[in-house]
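The next block holds one structure in the form of structure tokens; read it before the comments.
The values are calculated or read from the model by the stated rules, or taken from the named source; none is laboratory data. Note that this is a predicted model, so its numbers are computed, not measured. All Cβ positions, even for glycine, are placed from backbone atoms using ideal geometry, and neighbour counts span all protein chains on display. These area figures cover heavy atoms from the full protein model, side chains too; ligands, DNA and RNA do not enter into them. Shrake-Rupley method; radii C 1.70, N 1.55, O 1.52, S 1.80 Å.
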Amino acid sequence: MSQPLALIVDDEPDIRELLEITLSRMGINSKTAEDLTSAKTLLKTDSFDICLTDLQLPDGNGLELVEHIQKHFPTLPTAVITAYGSMETAINALKLGAFDFVSKPVDLKILKNLVNSAIKINDVISPVERRSRDQLLGDSVIMAKVRAKITKLARSQAPVYISGESGTGKELVAKLIHEKGPRATNPFVPINCGAIPHELLESELFGHKKGSFTGAIADKQGLFQQANGGTLFLDEIADLPLHMQVKLLRAVQEKSIRPIGHDREIPIDVRILSATHKNLSKLVDNGEFRQDLFYRINVIELPLPSLRERQEDVGILAQHILKKLSITFSEEPLNLTTAALKKLKQYPFPGNVRELENILERTITLCENTQIDTDDIELPETEGNPQTTPASNQGVQLEDYLDTLERDAIVKALESTRWNKTAAAKELGISFRALRYRLKKLGLDD
């Protein structure tokens, strides 16, 4: 195997030499150019694996080179070297398609991490499977566009903001961006920012040293450190309190963190993906989310469509969910009748794919037949679907309450029949198969 080849573009001889030596020690050959014109000439004559370019060049701007490479050499990862404090320019470079950026004075550890990630993108020995059709289902045009964008975003290190309603699959998409990229073999660490008490968030994200506060009985690694080399997914980022937004902004910009009680910052190599179902722009306008952090995490936005916008995908999603549930419950998968599928397609799904999963799980549990018909599907009443009783405002609590009642009734029937499931099903007035589903769902099948 021939050594990788890098193109270094900088008008300062000392910087070019430093980068050449650093890459040489990594087993990477280099060719250098002092200006835009020379770089374009080398791109015509050589096949490069990575390009490192300064933004300020004698005959133009490094952003022009990023655009040129994106147009003529789209598979070549390009990283820009920015002056300290030029975050706006770095973000513009990422928006134009740059792989990543590194600030001057160049931190060689950060540079090496960046180069290693970039080289992996076009790895021919262990190539990453870029397609995601088997994981992100749907034959609609809009989902084909989402999958294409995932493939493109996986080749970058730019922060991505995934927007969309609850239940549209934001964490699944974040994981696919990670798995289809050069960080795939390293950790993918998700965190729900709204699920952690505010007073614990700093310790969870950045870690702490033993004795740094009451209850800190040992050193703790934060999620940034756990995700080092990989991807940190900040779900429901809109729920971060303002004081933590400041600390997160610094970590993202400086690519370093300071654990609580630590006397210095620690470099970290983490790609940031974030998501929320809320309108972040509106929260920024209302002063509830920092504009500078929004600008930094929203380098590229990936909006996910609601299920209402891709109703032609309901059939393939339903089949997949039914097959998955049949494996969970160790049963033969049930099929939907044409009428049942039509009923599902006419429902607006305010809860999106997650709601479809819940509806089908409930349907399987209650269905007495070998296939699912319209009468087996219970849908909440919505503006366009007045088919059943309106959903309770406390749906989660109601569902838990009903599960408790169901559990008590089943246990009582089993005890009265000395745990004879066939007799218990008869006593409950349901089929044996329906009882098996209920037992599995309620964790009573052991």
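Odds and ends about this structure:
- Helical runs assigned H by DSSP (4 residues or longer) give the chain a calculated mean residue ellipticity at 222 nm of -13500 deg cm²/dmol, each run adding -39500 (n - 2.57) before division by the residue total.
- Region 248-336: GluC sites (Glu not before Pro) in DSSP loop, at most 15 other beta carbons within 10 Å: E265, E288, E331
- Structural size metrics of the chain, computed from C-alpha coordinates, are Rg and Dmax of 26.8, 88 Å.
- Surface composition of the chain: carbon and sulfur atoms hold 49% of the protein heavy-atom accessible area at a 1.4 Å probe.
- Charging the Cβ of each Asp and Glu at -1 and of each Lys and Arg at +1, and nothing else, the dipole of region 314-365 about its Cα centre rounds to 220 debye.
- Taking all protein chains into account, the per residue accessible area for the chain stands at 50 Å² (1.4 Å probe).
- The percentage of C-alpha pairs in region 267-345 whose separation is greater than 20 Å is 59%.
- At an R0 of 60 angstrom, the distance between the Cβ atoms of A423 and K210 translates into a FRET efficiency of 0.50.
- For the pair N286 and K345, a Förster radius of 22 Å applied to the C-beta separation gives a FRET efficiency near 0.05, rounded to the nearest 0.05.
- Counted charge near L273, where neighbours are those whose Cβ lies closer than 15 Å (Asp, Glu -1; Lys, Arg +1): +2
- Region 154-204 - Debye-derived log10 I(q)/I(0), Cα point model, q = 0.24, 0.32 Å⁻¹: -1.02, -1.20
- Each Lys and Arg adds +1 at its Cβ and each Asp and Glu adds -1 at its Cβ; summed about the Cα centre, region 135-220 shows a dipole of about 480 debye.
- When peptides 438-445, 152-159, 8-15 are ranked by their average number of other Cβ atoms within 10 Å per residue, the highest-first order is 152-159, 8-15, 438-445.
- Taking chymotrypsin sites (Phe, Trp or Tyr not before Pro) as exposed when their DSSP state is a loop state and no more than 14 other Cβ atoms lie within 10 Å, the longest site-free interval of the chain runs over 214-418.
- Computed magnitude of the charge dipole of region 19-170 (debye, nearest 20; Cβ of K, R +1, Cβ of D, E -1): 520 debye
- When peptides 238-246, 274-282 are sorted by average Cβ neighbour count within 10 Å, with the highest value leading, the order is 274-282, 238-246.
- A Förster radius of 41 Å, combined with the Cβ-Cβ distance separating S2 from A184, puts the computed FRET efficiency at roughly 0.95.
- The residues packed around A118, meaning those with a beta-carbon under 12 Å from its beta-carbon, carry a net charge of +1 if Lys and Arg are +1 and Asp and Glu are -1.
- With 0.36 nm allotted per residue and the present C-alpha distance subtracted, the I217-I327 stretch has 35.2 nm of extension available.
- Region 312-364: proportion of alpha-carbon pairs further apart than 14 angstrom, %: 48 percent
- DSSP-defined antiparallel bridges as percent of all bridges, the chain, nearest 5: 15 percent
- The chain: most fluctuating residue of A251, A218, A79 per GNM, C-alpha cutoff 10 Å: A218
- Three principal axis lengths of region 1-155 [C-alpha, angstrom, descending]: 53, 37, 30
- Debye log10 I(q)/I(0) for region 174-226, one point scatterer per Cα, at q = 0.24, 0.26 Å⁻¹: -0.92, -0.99
- Using the Cβ of E165 as centre and a radius below 11 Å, the other residues enclosed give a net charge of +2, where K and R count +1 and D and E count -1.
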